[in-house]
Amino acid sequence: MTLPVPPPPRRVRLKPWLVAQVNSCQYPGLQWVNEERKLFYIPWRHATRHGPTQDEDDNTIFKAWAKETGKYTEGVDEADPAKWKANLRCALNKSREFRLLYDGPRDMPPQPYKIYEVCASCPTPAESLPGEEDEEDAELQRMLPALKLTVTDLEIKFQYRGQPPYSLTISNPQGCRLFYSQLEATQEQVELFGPVSLEQVRFPGPEGIPSEKQRFYTHQLLDVLDRGLILQLQGQDLYAIRLCQCKVFWSGPCATPSATPRPIQREKKTKLFSLEQFLNELILFQKGQTTTPPAFEIFFCFGEEWPDRKPKEKKLITVQVVPVAARLLLEMFSGELSWSADSIRLQISNPDLKDRMVEQFKELHHIWQLQQRLPPAPSVPPGQGLPAGTGPWPIHQAGMHQ
């Protein structure tokens, strides 16, 4: 028996196709919130959380998009609602013709949803021509210039053994210097402390450490951190330059795989993170060509060898650095990657009639608030919101009859 050969994936313009589906009213819940302002509502039920039925899976905009793009053929491919949803989410995230305005309540409502705006801007002809195989690579080239500013944000978390961490986020196009000293960096002492344009980030003091022995050794290390460790941003890359007398060991995405400790050589540049490398690995992960998402967290251990058999929680001083752009990209393209319902079993009762009524009122209120925040379109008088009885759940549905 010869099985039918599925058609190859094909390029489809998302904007005209999706607008036509909203207008068709053939998918439950997919409808205009405000057609004049080009705002539409799309149900976004999480299969792992809400357990959709087979009927719900068979008539969704996600399945329709998979069929339209040739990524799913009825009777040939195995049904995969989670993959269908991921495909449409990625297409919406990549498109310049849609903007996510509201991502629905975060408290697992019975009917989660998103609200998108159809934007007037269109991609250039060159952007709509690449074949399916080159689409991700073309997207990578478009994303790199746009991320030159966001890559400057770094989340930094200081951790002393057994103590609550101290965290902050810095945003400086040059980078920062991590140090512990009463001496201030000056323009005349660039050779000693690095450029004054760097964000100056001081280590927390050891005074809160209850153990006298631990406090003593921690202070011994901090005492040789006067010159500090520079985290330098250069283009799309992050480097470390060790100025301090304290030895620094590290692990991160640009580290050569090794079980032996990795020291940072003094006053030599060490590449810690490459945004281009991260994006390439993220694309491979999205294509299913790798099984694990790309790494982006960087760890430093001050004054003790790392990595070794000792867990980093036992080290006297560690610092975690996270490029914010990488974390946001992974969340955007991988959806519920880190928050699977399989790993957290929440205890919540099934909603009764009154619970559903409350959810309806809450969601209507969310939409009303959204309308108040948006600037009015030219064809809509200022202050006009949703008419009574319209929107995802008309008010007349929320009756008090039992």
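Taking the stated definitions as given, is Glu199 among the acidic types (Asp, Glu) and either within 23 Å of Glu297 (Cβ to Cβ) or touching a helix residue (DSSP H, G or I) at 6+ places or on another chain (Cβ under 7 Å) (or both)?
Working: among the acidic types (Asp, Glu): yes; either within 23 Å of Glu297 (Cβ to Cβ) or touching a helix residue (DSSP H, G or I) at 6+ places or on another chain (Cβ under 7 Å) (or both): yes.
Considered against the rule, which asks whether it is among the acidic types (Asp, Glu) and either within 23 Å of Glu297 (Cβ to Cβ) or touching a helix residue (DSSP H, G or I) at 6+ places or on another chain (Cβ under 7 Å) (or both), Glu199 comes out as yes.
The C-beta contact set for region 19-30 (first residue closer than 16 Å to Ile115 by Cα, second residue of a type in the set (Ser, Thr, Tyr), distance under 8 angstrom, 6+ apart or interchain) comprises Gln21/Tyr27; Tyr27/Thr60; Gly29/Tyr41; Gly29/Tyr113; Leu30/Tyr41.
Condition first: in contact with a Lys or Arg (Cβ under 7 Å, 6 or more places away or on another chain) and part of a loop (DSSP other than H, G, I, E, B). Now tell me which residues in region 290-305 satisfy that. Phe296, Gly303, Glu304 - these are the residues of region 290-305 that are in contact with a Lys or Arg (Cβ under 7 Å, 6 or more places away or on another chain) and part of a loop (DSSP other than H, G, I, E, B). Pairs meeting the criteria (first residue in region 296-323 and hydroxyl-bearing (Ser, Thr, Tyr), second residue outside any strand (DSSP E or B), beta carbons under 6 Å, at least 6 apart or on different chains) are Thr318/Lys312. Within the span defined as region 47-63, one or more residues are over 26 Å from Lys362 (Cβ atoms) and either of a type in the set (Phe, Trp, Tyr) or at pLDDT 85 or above (or both).
Only residues that are outside any loop (DSSP other than H, G, I, E, B) and at pLDDT below 85: list them for region 95-128, please. Spell out the reasoning first.
Keep residues of region 95-128 that are outside any loop (DSSP other than H, G, I, E, B), which gives 98-102, 113-118, 125-128.
Residues satisfying the conditions are Leu101, Tyr102, Tyr113, Pro125, Ala126, Glu127, Ser128.
Only one entry of Pro28, Pro81, Pro43, Pro16 meets the criterion of being modelled with pLDDT of 85 or more, under 29 Å from Leu353 (Cα atoms) and surrounded by fewer than 13 Cβ atoms within 10 Å (Cβ to Cβ), and that entry is Pro28.
Residue under question is Leu353, and the condition is that it be surrounded by fewer than 13 Cβ atoms within 10 Å (Cβ to Cβ), at pLDDT 75 or above and more than 30 Å from Pro206 (Cβ to Cβ); does it hold? Steps first, please.
Details: surrounded by fewer than 13 Cβ atoms within 10 Å (Cβ to Cβ): yes; at pLDDT 75 or above: yes; more than 30 Å from Pro206 (Cβ to Cβ): yes.
Answer is yes for this residue.
Residues that are modelled with pLDDT under 90 and in a loop (DSSP other than H, G, I, E, B) do not occur anywhere in region 262-285. When Lys71 is tested against (1) at pLDDT below 90; (2) touching a strand residue (DSSP E or B) at 6+ places or on another chain (Cβ under 7 Å); (3) surrounded by 15 or more Cβ atoms within 10 Å (Cβ to Cβ); (4) of a type outside the set (Asp, Glu), only condition (2) is not met.
Please give the number of the condition Asp237 fails out of (1) under 29 Å from the mean Cα position of the chain (by Cα); (2) in contact (Cβ under 8 Å) with a residue 60 or more places away in the chain. Going through (1) under 29 Å from the mean Cα position of the chain (by Cα); (2) in contact (Cβ under 8 Å) with a residue 60 or more places away in the chain one by one, Asp237 breaks only (2). Just so you know, in region 210-236 the residues that are surrounded by 17 or more Cβ atoms within 10 Å (Cβ to Cβ) and at pLDDT below 95 include one that is nearest to Ala185 (Cα to Cα), and it is Leu233.
Does Gly205 count as in the same structural domain as Phe302 (by TED's automatic domain parsing) and within 29 Å of Cys90 (Cβ to Cβ)? Show your work before the answer.
On the way: in the same structural domain as Phe302 (by TED's automatic domain parsing): yes; within 29 Å of Cys90 (Cβ to Cβ): no.
No: the conditions fail for Gly205.
Cys244 meets the conditions (1) within 16 Å of the chain's Cα centre (by Cα); (2) surrounded by 15 or more Cβ atoms within 10 Å (Cβ to Cβ) in every case but one. The failed one is (1). The condition (being over 30 Å from Leu330 (Cβ atoms), surrounded by fewer than 15 Cβ atoms within 10 Å (Cβ to Cβ) and free of Cβ contacts under 8 Å to residues at least 24 places away in the same chain) is satisfied by just one residue among Thr256, Thr290, Thr186: Thr186.
The values are calculated or read from the model by the stated rules, or taken from the named source; none is laboratory data. Worth saying up front: this structure is predicted, and the values here are computed from it rather than measured. Counting neighbours? That spans all protein chains shown, and the Cβs are built from the backbone with ideal geometry, glycine included.
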